[in-house]
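> Have a look at this one before I ask anything.
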Amino acid sequence: MLIDLPDDDTLYRALLDRDAAFDGQAFVGVRTTGIFCRLTCPARKPKRENCTFYPSPAACLQAGFRPCKRCHPMRPAADADPCINALLEALEADPAYRWTEGAVAARGFAPSTVRRVFKRQFGMTFLEIARQRRLGEGFLAMADGDKVIEAQHAAGFASASAFRDAFARLLGRAPGHMQDDALLRAHWIRSPLGDMVAISSRTHLHLLEFLERKALKTEIARLEKDTRGRIGLGRFEPSAQVQVELNEFFTGKRAQFDTPLAYSGSGFAQAVWDALRRIPAGHTRSYAQLAAQLGRPEAVRAVARANGANQIALLVPCHRVLGADGALTGYGGGLWRKQKLLEVERQYRDQPPVRSCASISALPSGS
């Protein structure tokens, strides 16, 4: 088991409510049909006495159940709707294409259905994902030395002002205000779970966040204040290193990260982040367990605040913290990402615990 499941009555209520909190963490086997499903399956709900709950599809199969053909419990949830793969493949083939609802309809998909499916699975619509991807093309073009106007065209934006506005909404400043002699550099990283921004000095990684993270602009503003505005575009070695390590993580080749990190927080917050990094991949903890581990059992809320203040996603694995009842809890990158990260890490569960890598608490001067 990845987590200790709550009692069957709790899981049955989640099944009736189609509650996504346990999606990917718990499955139901229905004795009268011999089929097992996700708790979010749209099929008619079975009676309580006919349900048995399991922590994984493998456990369901071993108990003799067959996978449901409606909710496809053997596949990642995002693969269950054909519009997702079709549109994402089209986006990958031409990232600069300016998608509209008319273009979606021309592919044979109802725009309202696409909006609902993408919002449910990714926390954002397909058009928002496409716009984000185009912005990424411009970001990378400027990082390679292109001028703003060239980056605008590479991103498929119709006007320079629209490109500058989109860029500023993401990073909090227009592209022309990024420093050439930057102490920190921002780099765009693509991952199977969405695009990320990495900000590093020559020696340490200071930030790694998914673009939809609501606190991203605030976190970047804090780094700007620390460096007196000296943030530019490009890639220092820690960003290059973490990009390689993320690729290995998602392809099953790496359970731990060795990129050196720079912390920006109180001593207590840093202690929480170190405790998070000691949780082995494939395992989880509750806030109460972390507080007890730190010798501060009364500080559960403070641990939760420190967890939420983490600005180095995945490497400081705040996604490994669950609610006291084993349910998925808040995650800045979206609960759907938290679920999928835990699914990715199942394969690492039996590997030796990760070793702690170096971190610092202040910005390295002159780095």
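The values are calculated or read from the model by the stated rules, or taken from the named source; none is laboratory data. Predicted, not measured: the structure shown is a model, and the values here were computed from it. FYI the Cβ positions are ideal-geometry reconstructions off the backbone, even for glycines, and counts take in every protein chain you see.
> Please go through (1) outside any loop (DSSP other than H, G, I, E, B); (2) free of Cβ contacts under 8 Å to residues at least 40 places away in the same chain; (3) more than 20 Å from the chain's Cα centre (by Cα) for Glu298 and return the number of the only condition it doesn't satisfy.
Only one criterion in (1) outside any loop (DSSP other than H, G, I, E, B); (2) free of Cβ contacts under 8 Å to residues at least 40 places away in the same chain; (3) more than 20 Å from the chain's Cα centre (by Cα) is unmet by Glu298, namely (1).
> List every residue pair whose Cβ atoms sit under 7 Å apart, with the two residues 6 or more apart in sequence or on different chains, where the first one lies in the range 121-142 and is not assigned by TED's automatic domain parsing to the domain that holds Pro192 and the second, anywhere, is charged (D, E, K, R) and part of a helix (DSSP H, G or I).
These pairs meet every condition: Thr125/Arg115; Thr125/Lys119; Ala141/Glu150.
> Go through the residues of the range 75-91 one by one and say whether even a single one is out of contact with any Gly (no Cβ under 9 Å at 6 or more places or on another chain), assigned to a loop (DSSP other than H, G, I, E, B) and at pLDDT 85 or above.
no
> Could you tell me which numbered condition Pro67 fails, if it satisfies all but one of (1) modelled with pLDDT of 90 or more; (2) in contact with a Phe, Trp or Tyr (Cβ under 7 Å, 6 or more places away or on another chain)?
Single failed check for Pro67: (1).
> Could you list, in sequence order, the residues of the range 209-253 that are within 24 Å of Glu137 (Cβ to Cβ), aliphatic (A, V, I, L, M) and in a loop (DSSP other than H, G, I, E, B)?
The answer is Leu211, and nothing else.
> Which pairs have Cβ atoms under 6 Å, sit 6 or more apart or on different chains, and link a residue in the range 206-223 that is touching a residue at least 60 places away in the same chain (Cβ under 8 Å) and under 17 Å from Glu128 (Cα atoms) to one that is charged (D, E, K, R) and surrounded by fewer than 22 Cβ atoms within 10 Å (Cβ to Cβ)?
Leu211/Asp195
> Go through the range 123-147 and give me each residue that's surrounded by 18 or more Cβ atoms within 10 Å (Cβ to Cβ) and at pLDDT below 70.
Within the range 123-147, Ala143 is the sole residue that qualifies.
> Mind listing whichever residues of the range 248-297 are of a type in the set (S, T, N, Q) and farther than 21 Å from Pro238 by Cα?
The answer is Ser266, Thr284, Ser286, Gln289, Gln293.
> So the check is Cβ under 6 Å with 6+ separation or different chains; which pairs have a first residue in the range 266-283 that's closer than 27 Å to Gln347 by Cα and at pLDDT below 95 and a second one that's of a type outside the set (A, V, I, L, M) and in a loop (DSSP other than H, G, I, E, B)?
Pairs found: Pro280/Pro353; Gly282/Arg349.
> Please return the ranges of strands (runs of 3 or more DSSP E) entirely within the range 1-73 where 2 or more residues are out of contact with any helix residue (DSSP H, G or I) (no Cβ under 7 Å at 6 or more places or on another chain).
Hits in the range 1-73: 35-38.
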